[in-house]
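Here's the structure we're looking at; comments come further down.
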Amino acid sequence: MGNGVPVDAIRRAERQASLVTWQVRWDSATNGRWTHQLIPKVEEWLNRGRGEVNFHLTQFLTGHGGFRKYLHKYRHEDSPECPTCPSASEDPEHVLYYCTRYRGRAGVVPPPESLMAFMLATDDNWSSTSQLIIGIQRDLRRCERERRERSDA
């Protein structure tokens with residue numbers, strides 16, 4: 001470039017400006033609040049250096065997937081309520097932290113706002129938490145299939 005500024009310096013500055021804009025939008029958005037609670041800092045998440053994100057983890061992080069609250073929103077379930085805890089919506093937070101169906105599996109899990117820091121602290125933390133979430137997601141999908149089969153019968 002003609003002004004003597006190295007191209008990589010321009011790229012770094014543009015990336016940083018982009019990240020700042022993204023963070024401001026992320027903080028002020030009204031949707032994705034569960035994901036924001038888990039991943040409040042965009043740049044830290046992008047530069048995390050460990051932890052492969054798979055289908056099941058993505059479903060958990062976004063609140064999509066086999067959660068009745070999400071399925072009810074799109075009319076795939078009659079109710080958003082947890083079949084085990086009828087007064088509670090079945091969403092990722094309920095399932096991981098409160099649902100009696102999964103509490104035995106979960107053991108001690110850090111609160112949502114520190115879950116990602118815990119997972120990112122070591123490969124073992126990432127692996128064990130990811131495996132827990134995968135197991136829960138698979139079970140939720142199995143339950144969903146069984147409900148559909150019963151309703152189709």
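Only a single criterion out of (1) small (Gly, Ala, Ser); (2) loosely packed, with under 13 Cβ neighbours inside 10 Å; (3) touching a residue at least 60 places away in the same chain (Cβ under 8 Å) is not satisfied by GLY107, namely (3). Among the residues of segment 23-54, how many are among the hydroxyl-bearing types (Ser, Thr, Tyr) and on the phi > 0 side of the Ramachandran plot? Within segment 23-54, residues that are among the hydroxyl-bearing types (Ser, Thr, Tyr) and on the phi > 0 side of the Ramachandran plot number 0. Restricting segment 9-42 to residues that are within 17 Å of PHE118 (Cα to Cα) and of a type outside the set (A, V, I, L, M, F, W, C) leaves a set whose member that is most open to solvent (accessible area, probe 1.4 Å) is LYS41.
Taking segment 1-38 as the range and being among the hydrophobic types (A, V, I, L, M, F, W, C) and either part of a loop (DSSP other than H, G, I, E, B) or farther than 30 Å from PRO111 by Cα (or both) as the test, the residues that pass are MET1, VAL5, VAL7, ALA9, ILE10, ALA13, ALA17, ALA29.
Take HIS56 and tell me if it is modelled with pLDDT of 95 or more, within 12 Å of the chain's Cα centre (by Cα) and surrounded by 13 or more Cβ atoms within 10 Å (Cβ to Cβ). No, not satisfied. Scanning for something in contact with a Phe, Trp or Tyr (Cβ under 7 Å, 6 or more places away or on another chain), open to solvent by less than 80 Å² (accessible area, probe 1.4 Å), within 15 Å of ARG141 (Cα to Cα) and without any contact (Cβ under 8 Å) to a residue 60 or more places away in the chain, does segment 65-78 turn up at least one residue? No.
The rows are residues; the columns are (1) open to solvent by less than 20 Å² (accessible area, probe 1.4 Å); (2) farther than 21 Å from ASN54 by Cα; (3) in contact with a Leu (Cβ under 7 Å, 6 or more places away or on another chain); (4) in contact (Cβ under 8 Å) with a residue 24 or more places away in the chain.
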| position | (1), (2), (3), (4) |
| --- | --- |
| SER87 | no, yes, no, no |
| PRO92 | yes, no, no, yes |
| ARG103 | no, yes, no, no |
| SER127 | no, no, no, no |
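Of all residues in segment 98-123, those satisfying the criterion of being part of a helix (DSSP H, G or I) and at pLDDT 90 or above are TYR98, PRO112, GLU113, SER114, LEU115, MET116, ALA117, PHE118, MET119, LEU120, ALA121, ASP123.
The rows are residues; the columns are (1) among the charged types (D, E, K, R); (2) within 30 Å of LEU46 (Cβ to Cβ); (3) without any contact (Cβ under 8 Å) to a residue 40 or more places away in the chain; (4) surrounded by 15 or more Cβ atoms within 10 Å (Cβ to Cβ).
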residue: CYS82; (1), (2), (3), (4): no, no, yes, yes
residue: LEU96; (1), (2), (3), (4): no, yes, no, yes
residue: ASP123; (1), (2), (3), (4): yes, yes, no, no
residue: LEU132; (1), (2), (3), (4): no, yes, yes, yes
residue: SER151; (1), (2), (3), (4): no, no, yes, no
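The values are calculated or read from the model by the stated rules, or taken from the named source; none is laboratory data. As the structure is a computational prediction, the values presented were derived from the model and not from experiment. Ideal geometry is used to build each Cβ from the backbone, glycine not excepted, and the neighbour counts take in all protein chains shown. To get the accessible areas, we keep the full protein, side chains included, count just its heavy atoms, and leave off ligands, DNA and RNA. Shrake-Rupley method; radii C 1.70, N 1.55, O 1.52, S 1.80 Å.
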